[in-house]
Amino acid sequence: MNSVRREVLKAGGGVTVMALAVSAGLLRPEEALAQAAWNKAAFETRSFADTVKALGGAAAVENPGVRFASPTPEIAENGALVPVTVTSSIPKTESIAILVEKNPNTLAANFVVPNGTEPFISTRVKMGQTSDIYALVKADGRYYYAKKEIKVTIGGCGG
Amino acid sequence: MTRPHKPVVAALLFAAGLLFGTGAHSQDSTAKALQEYRDALQDGNPAELWEIKGEDMWQQPRGPNKVSMEKCDLGLGPGVVKGAYARLPKYFKDTDRVDDLESRLVHCMVSLQGYTRAEATRRVFGGPGAAADMEALVAYVSSQSKGVKMNVALAHPREREAYQMGQKLFYYRGGPHDFACATCHGEDNKRIRLQDLPNLTSKKDAQRAYTTWPAYRVSQGELRSFQWRLYDCFRQQRFPELLFGSDASVALTMFLARNANGAAFAAPAIKR
Amino acid sequence: MGEPMRIRAQMAGDKVEVRVLMSHEMETGQRKDGGGNIVPAWFIQNIAVMHGGQTVLSAQWGPAVAKNPFMHFRFAGGRVGEKVSVTWTDNRGDKRTDEVAITAG
């Protein structure tokens, strides 16, 4: 079992490999989760361009297929809780990331959307101040984004 | 799913206008945008995390006597939770006093579960990394009155007495700032910083304010009970500490709850 | 262990609508406590939502996801009564799994 696990990791450790391993009964879901290594480098980036690179892309292009949907407000009364909803109509969407440009670290979250799951995600992030937020979609190996400014009346990082 | 009410935000508009530009048009659009933000928070209110924890605590055998709270009488009979919060505070024969939900929960924790009063009230308000059992129980019980019309009685003489005492407290000026509750909550369009304050002497505001507590307070990341709401108002007024479950706190709750009669209860809510 | 999650999984047409609330501090590592000391970062890093042995959503989070996190998504192929489970792990190695049965829309 351990050697199998190592082989799986050697094969790339990506989520797709993990999902295969889980469905093949090689790993229990919790084990797969523990092993999908958290992308420390990506979460330490300080700009949109650096995040794209750390996630494995060369560059990202703006595309109307990526959209901020309701609820994503124009103004957040409290930056500690900012609803963000992203949809993608780009074929073969694989993942949706949410980035806040002026936060200490840019990347807030990255969702992997397998086949059968709608390219739609709604969640809530913190914003330290008024900033552009980005929705970054990986589709068929390429990166696309949408951008939107959200104004914050109370910063959400001070506590 | 509760819809937040239209904000009374002249003050907020003014302040927001300074931040985001001025003029009637931008004020309208700012108010609209803030309303959209508040609406957006309604789906997935973290208060639900306190509700499920409180429900579990209600059902689990706890305390030295290892019994659940399911025999606790909140006014509608032992174990009846549905609709109970919308009728509190009320006079209880067994304690011979007017109880609000929190003081009644303490009574049940002591009389049924065998806790001492000190144990039952050791942590009544949660802080970072240390949630309070009391606030979970309050979240669960109050959630079971969602949609129920407030119907607080003044039938018993002690209930009328509590209401009158609460009214006196509401208008009582004191402390180093010579403040009363009514100083901030007795007129329209008052605010603290960016926060608009309800005018609790108007029926509409009084109903809206009372029926939206308890609430998940975003700035604190905590579920806050009505006892906390009053405690913190007293702190802001620089009054002596309002003791948890005290006659004064229950009387003020009685005054405010009764004035909300007729409105559908809509909490636990979520607030900035 | 963490506190229980609130999971709703409900049929919406031919899709399953999933809403998850998690109880977590999501400390940024930027905040100071009353004594002026930095409160160490403490946040959920990995999430997996499973249905019928398949991952229907996975995610990696940083500390900028809001306290007591919420997420909402939809997947196809679920039926009423089948289980949906959510597992998170945080940067301290703590983890929690909860599951619910899919309900009718």
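The values are calculated or read from the model by the stated rules, or taken from the named source; none is laboratory data. Predicted model, so just to flag it, every value in this text is computed and none were measured. Cβ placement follows ideal geometry from the backbone for every residue including glycine, while neighbour counts extend to all protein chains displayed.
For segment B:176-218, how many residues meet the condition of being at positive phi and of a type outside the set (Asp, Glu)?
2
Looking at segment C:30-48, which of the residues that are more than 9 Å from chain A (Cβ to nearest Cβ) and surrounded by 14 or more Cβ atoms within 10 Å (Cβ to Cβ) is nearest to residue A:119 (Cα to Cα)?
Top of the filtered list is C:44.
Would you kindly identify the strands (runs of 3 or more DSSP E) lying entirely within segment C:27-93 that contain at least 1 residues that are of a type in the set (D, E, K, R)?
C:70-76, C:83-90
Just give me the residues in segment C:9-26 being within 9 Å of chain A (Cβ to nearest Cβ) and in a loop (DSSP other than H, G, I, E, B), in sequence order.
The answer is C:26, and nothing else.
Taking the condition of being of a type outside the set (Phe, Trp, Tyr), touching a Lys or Arg at 6+ places or on another chain (Cβ under 8 Å) and either within 26 Å of residue C:30 (Cα to Cα) or more than 10 Å from every other protein chain (Cβ to nearest Cβ) (or both), how many residues in segment C:68-86 meet it?
The total comes to 2.
To keep it simple, each residue is scored yes or no on (1) closer than 30 Å to residue C:68 by Cβ; (2) assigned to a helix (DSSP H, G or I); (3) assigned by TED's automatic domain parsing to the domain that holds residue B:61.
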{"residue": "B:94", "(1), (2), (3)": "no, no, yes"}
{"residue": "B:110", "(1), (2), (3)": "no, yes, yes"}
{"residue": "B:119", "(1), (2), (3)": "yes, yes, yes"}
{"residue": "B:122", "(1), (2), (3)": "yes, no, yes"}
{"residue": "B:125", "(1), (2), (3)": "yes, no, yes"}
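What is the residue count in segment B:63-75 for residues that are within 18 Å of residue B:102 (Cβ to Cβ) and touching a helix residue (DSSP H, G or I) at 6+ places or on another chain (Cβ under 7 Å)?
Matching residues across segment B:63-75 total 5.
So, in segment A:68-86, of the ones that are more than 17 Å from the chain's Cα centre (by Cα) and among the polar types (S, T, N, Q), which residue ends up farthest from residue B:218 (Cα to Cα)?
Here the residue is A:70.
Out of all the residues in segment A:112-128, is one or more farther than 22 Å from residue C:74 by Cβ and surrounded by fewer than 21 Cβ atoms within 10 Å (Cβ to Cβ)?
Yes, segment A:112-128 contains a residue that is farther than 22 Å from residue C:74 by Cβ and surrounded by fewer than 21 Cβ atoms within 10 Å (Cβ to Cβ).
Looking only at strands (runs of 3 or more DSSP E) that fall completely inside segment A:87-159, which ones have 3 or more residues that are within 11 Å of another protein chain (Cβ to nearest Cβ) and either more than 12 Å from the chain's Cα centre (by Cα) or at negative phi (or both)?
Strands (runs of 3 or more DSSP E) meeting the threshold: A:93-100, A:107-112, A:120-125, A:142-152.
How many residues are touching a strand residue (DSSP E or B) at 6+ places or on another chain (Cβ under 7 Å) and farther than 12 Å from residue B:124 by Cα when one looks only at segment B:219-237?
Looking only at segment B:219-237, we keep the residues that are touching a strand residue (DSSP E or B) at 6+ places or on another chain (Cβ under 7 Å), and these are B:223-224, B:237.
Imposing the further condition that a residue be farther than 12 Å from residue B:124 by Cα reduces the set to B:237.
Looking only at that region, the number is 1.
May I ask you to verify whether residue A:151 is within 25 Å of residue A:59 (Cβ to Cβ), surrounded by fewer than 22 Cβ atoms within 10 Å (Cβ to Cβ) and touching a residue at least 24 places away in the same chain (Cβ under 8 Å)?
No, not satisfied.
For residue C:6, work out the one condition from (1) crowded, with 18+ Cβ neighbours inside 10 Å; (2) of a type in the set (D, E, K, R); (3) at the interface with chain A (Cβ under 10 Å from one of its Cβ atoms) it doesn't fulfil.
It is condition (3) that residue C:6 fails.
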